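Written out below as structure tokens is the structure these notes cover.
The values are calculated or read from the model by the stated rules, or taken from the named source; none is laboratory data. From a predicted model like this one, the values you see are computed outputs, not experimental measurements. Positions of Cβ are generated from backbone atoms using ideal geometry, with glycine treated the same way; all protein chains shown enter the neighbour counts. Surface areas here come from the heavy atoms of the whole protein model, side chains and all, with no ligands, DNA or RNA. Shrake-Rupley method; radii C 1.70, N 1.55, O 1.52, S 1.80 Å.
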Amino acid sequence: MKPWKKILLIISAVVLILVLGSGVLLYQFFTSLQPPKIEITENYISTNRDFINGVTIEKITVDSIGGNGLPAKYKVNYVTSCIIDHPKGRPPEPLDKIVFHKKGNYWWIENTADFQYVHKGLGREIVDGKNRLPLSAGLKRLSTCPMEFEREQWYFITIGDPQVTGIFFIIDKNGNNNQYLMPSGVSPI
């Protein structure tokens, strides 16, 4: 092979590697700007990212439905939170799936609640004037999720990701899972 052909082949390979590498980096950058992909079933919740801040599930009673078919005003009756056990002295291990009725590197707490919310724009506001206190660390630690999803019952799930206000979840009368992610409008950068 002639020397100029070898040089042209090497330059073409380098340019191809740079173009493909740039494409991969651009894809990763733009997908990081999107809210995470979340899958919720009766048995687990999973994400394409990480549940570093755990998950909170609120069982709600809907007062009114908005124009988008989602709860606009509702009362939280019950709250359960999954707290991730992070190892001490080293970075947290990625956790992209929480199985509700299986032990893992996490534990659960539960409590009754009495808070009313209304959704305005991309967020939600408490409307009954009660101060919402965080779930107490003094509550009993449970190894598995203490609740089961009921059909035709609305739930509001928060995942601790700043890009997500929350996810409305309901299992319809036919047993189909329906989830509606509400982005927060917050940019990750």
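Values computed for the structure shown
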item	result
Share of alpha-carbon pairs per 5 Å distance bin for region 24-74, given as whole %	4, 13, 16, 16, 19, 17, 8, 5, 2, 0
Helix-only [θ]222 nm of the chain, DSSP H runs n ≥ 4, -39500 (n - 2.57) each, per residue, nearest 500	-5500 deg cm²/dmol
Accessible area of Glu150 in the full protein assembly, 1.4 Å probe (Å², nearest 10)	80
Neighbourhood net charge (15 Å Cβ-Cβ; Lys/Arg +1, Asp/Glu -1) for Ser143	+2
Range of Cα positions in region 53-99 per principal axis (Å), largest first	47, 21, 18
Anchor Lys88: lysines whose Cα lies under 22 Å away (excluding residues fewer than 8 positions away in-chain)	Lys97, Lys103, Lys140
20 °C / 1.002 mPa s Stokes-Einstein diffusion coefficient of the chain, Kirkwood radius on C-alpha pairs, µm²/s	111
Förster-model FRET efficiency, 41 Å R0, Lys102 and Ser64, C-beta, rounded to 0.05	0.65
Helix axis angle, 3-32 relative to the chain longest principal axis, alpha carbon, degrees	10
Computed E for Tyr44/Asp172 - FRET, C-beta separation, R0 22 angstrom, nearest 0.05	0.70
Normalised alpha carbon radius of gyration of region 36-138 [divisor 2.2 N^0.38 Å]	1.22
Under 13 Å from Lys73, Cα to Cα: aspartates and glutamates that are on another chain or at least 8 residues apart	Asp63, Glu125, Asp128
Cleavage-rule hits (trypsin sites (Lys or Arg not before Pro)) in region 15-87: DSSP loop, at most 12 neighbouring Cβ within 10 angstrom	Lys37
Calculated FRET efficiency for the pair Tyr180/Glu150, C-beta based, R₀ 22 Å, to 0.05	0.80
